[in-house]
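Everything on this sheet refers to the single structure shown next.
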Amino acid sequence: MTLHHDSLTASIEYDGSARSLRLDAASADALAAFEGTASAAGDGHVLTGPLTTANARALQAAFPVLRPQLIGGHRTSVGTGDRTGLATPGQARAFAEQGVGVMPVLAQQSIREMDRLGRSARSVMDDAVFGLVEAGWDRGFGADCDHIKSTEGIDRGLEAGFVMFTLDPGDLVADVTAGVTEADAEGLPWDQLEDTLADLKARYVGMTLDVGHSQIEVTEQDVLTAAVKYGRAVVESMRLYRHVTENARHEVEIEFAVDETTWLTTFFEHFYMASELKRLGASWFSFAPRYVDGFEKGLDFLGDVEELRTNLEAHHAISNQFGGYKISLHSGSDKFSIYPLCVEATQGLVHLKTSGTSYLCGVEIVAAQDPELFSAIWDISRASYVKARASYQVSAHEDRTPTSLEGVDLPELIRSADARQILHVGYGDSLNGTDASGASIHDRFLDVVAAHQASHTEVLAAHIGRHLAPFRPAPAQG
């Protein structure tokens, strides 16, 4: 595949697992910004160069479609994270084949994942850019610096050119299961909230909250609980928000996320957060509350489907009271049974995030092509699962999985629920580990996948396509 703009054509070439950038141009001047070896070829000029940040930046300067775009105004959007840097071509094909009309976010990774894998925000962007060239993708894409908890993470994303920032104040969400008193509320940082407890009560106590399918009479206890639970998270959200907006030198958009917490976000708590953030001057295009139980990594939805429908309809109804922002579904991978419900309940104002499921497509390739390498990945993932699972909502039990892979059907193992979650969660330790000879598993993994990139792209296109098809907008009626 190739990408064209003006007189410049870009493509990615493979020599085994080694990749390089090829540029064809009518004049040598068009190649001046790129690193590599240039030569005359027929009536034009050719440059072959490495996949470096300098070349990725030069590509973005030369090809407008390789610069991330804002996604907020689109009906639906889906983010497809990439832990290996090789998934973008398959993901782009999935959007072309099954996700027409859905806005793709093809550069997406959390700061947590970057740190676990030793990647920079810029390397995530670079890999997406080269993957888009390989796919010949010319329809635009978004870039999400995901689950940010610090201004340092924001700075990384801004420098790399990310346009979407998912701000995660979840560490400041308080446990209120033991109950909340007025004294607890009085201890909130009211100066930073630019508010008083009396004014807070006056705004909310006694109001009737319309959540679409029902109405909620807000009590004083509801208000105290919401404020104590989320008040400090509101302060932290605004600190991060102001840092993004005051330091950005390009257009950006914001998602707020409190989904990675133990406690459900009630409907009034969602309304409280949205109302307080708006009062303090924030604007955002997407919000991720903590939903009902049932969202686990790498598996279909495990909870009560009708409870989820009621939950999503109410969160969507609240968003409409603030202009209609998207409801964001995190841990969205492989929830095939509920995608149509999610679109219906939110009237298409939904943003889906996937990540580890693309990594598992790469694991499938490794299992098929290098079972010995897969065995090393399996051993490390299984051993590390116990401590790694603390960061995730998962329910796998390693003692239900084999310790030896002799005679095991590897594709069937990867499809099983327990193994899928173990591999999903154990990616960090396994990719940072070494095999029996001391060789880097990460490097071997990339070499195997790159050497079989055509198969990898096919597997990804089919799997991610299953995620996208339910989110396609309905065709216009004539």
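The values are calculated or read from the model by the stated rules, or taken from the named source; none is laboratory data. Since this is a predicted model, take the numbers as computed values, not measurements. All Cβ positions, even for glycine, are placed from backbone atoms using ideal geometry, and neighbour counts span all protein chains on display. Accessible surface is based on the protein model in full, side chains and every heavy atom, while ligands, DNA and RNA are left aside. Shrake-Rupley method; radii C 1.70, N 1.55, O 1.52, S 1.80 Å.
The figures follow:
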| read-out | value |
| --- | --- |
| Odd one out for SER286, checked against (1) among the hydroxyl-bearing types (Ser, Thr, Tyr); (2) farther than 18 Å from SER319 by Cα; (3) under 23 Å from the mean Cα position of the chain (by Cα) | (2) |
| Number of the condition not met by ALA107 [criteria: (1) assigned to a strand (DSSP E or B); (2) over 22 Å from ILE254 (Cα atoms)] | (2) |
| Test: residue in region 52-73 that is more than 28 Å from the chain's Cα centre (by Cα), farther than 30 Å from GLU260 by Cα and among the hydroxyl-bearing types (Ser, Thr, Tyr) | no |
| Some residue of region 232-254 being in contact with a His (Cβ under 9 Å, 6 or more places away or on another chain) and within 21 Å of HIS147 (Cβ to Cβ) | no |
| Selection count where residues are open to solvent by 10 Å² or more (accessible area, probe 1.4 Å) and modelled with pLDDT under 95, scope region 325-343 | 2 |
| Subset of region 312-345 (residues that are among the aliphatic types (A, V, I, L, M) and touching a Leu at 6+ places or on another chain (Cβ under 6 Å)) | LEU329, ALA345 |
| Which listed residue, of THR84, THR9, is assigned to a strand (DSSP E or B) and open to solvent by less than 60 Å² (accessible area, probe 1.4 Å) | THR9 |
| Count of region 147-186 residues which are of a type in the set (Gly, Ala, Ser) and either assigned to a strand (DSSP E or B) or touching a Gly at 6+ places or on another chain (Cβ under 9 Å) (or both) | 2 |
| Scan of region 49-75 for residues that are touching a Pro at 6+ places or on another chain (Cβ under 9 Å) and open to solvent by 40 Å² or more (accessible area, probe 1.4 Å), ordered by number | ARG75 |
| Residue match in region 206-214 (condition: at pLDDT 95 or above, farther than 20 Å from LEU280 by Cα, of a type in the set (Ser, Thr, Tyr) and in contact with a Ser or Thr (Cβ under 9 Å, 6 or more places away or on another chain)) | yes |
| Some residue of region 455-472 being in contact with a Ser or Thr (Cβ under 9 Å, 6 or more places away or on another chain) and open to solvent by 50 Å² or more (accessible area, probe 1.4 Å) | yes |
| Test result for GLU406, among the charged types (D, E, K, R), more than 20 Å from ASP370 (Cβ to Cβ) and open to solvent by 40 Å² or more (accessible area, probe 1.4 Å) | no |
| Single unsatisfied condition, ASP418 versus (1) crowded, with 19+ Cβ neighbours inside 10 Å; (2) charged (D, E, K, R); (3) modelled with pLDDT under 95 | (3) |
| Within region 225-268, tally of residues that are in contact with a Pro (Cβ under 8 Å, 6 or more places away or on another chain), part of a helix (DSSP H, G or I), open to solvent by 10 Å² or more (accessible area, probe 1.4 Å) and not hydrophobic (A, V, I, L, M, F, W, C) | 2 |
| Which listed residue, of SER404, SER391, is modelled with pLDDT of 95 or more and not assigned by the TED database to the domain that holds TYR291 | SER404 |
| Which numbered condition ASP195 misses (of (1) open to solvent by 50 Å² or more (accessible area, probe 1.4 Å); (2) outside any helix (DSSP H, G or I)) | (1) |
| Which listed residue is open to solvent by less than 10 Å² (accessible area, probe 1.4 Å) and over 30 Å from PHE141 (Cα atoms), from ALA174, ALA185 | ALA185 |
| Filter result for the condition that a residue is touching an Asp or Glu at 6+ places or on another chain (Cβ under 7 Å) and under 30 Å from LEU86 (Cβ atoms), over SER375, SER358 | SER358 |
| Among (1) closer than 30 Å to ALA454 by Cβ; (2) surrounded by fewer than 18 Cβ atoms within 10 Å (Cβ to Cβ), the one test that GLY362 misses | (2) |
| Any chance ASP155 is open to solvent by 20 Å² or more (accessible area, probe 1.4 Å) and charged (D, E, K, R) | yes |
| Among the candidates ALA32, ALA38, ALA25, residue that is among the small types (Gly, Ala, Ser) and in contact (Cβ under 8 Å) with a residue 12 or more places away in the chain | ALA25 |
| Only one of ASP115, ASP146 that is under 19 Å from ALA288 (Cα atoms) and open to solvent by 10 Å² or more (accessible area, probe 1.4 Å) | ASP146 |
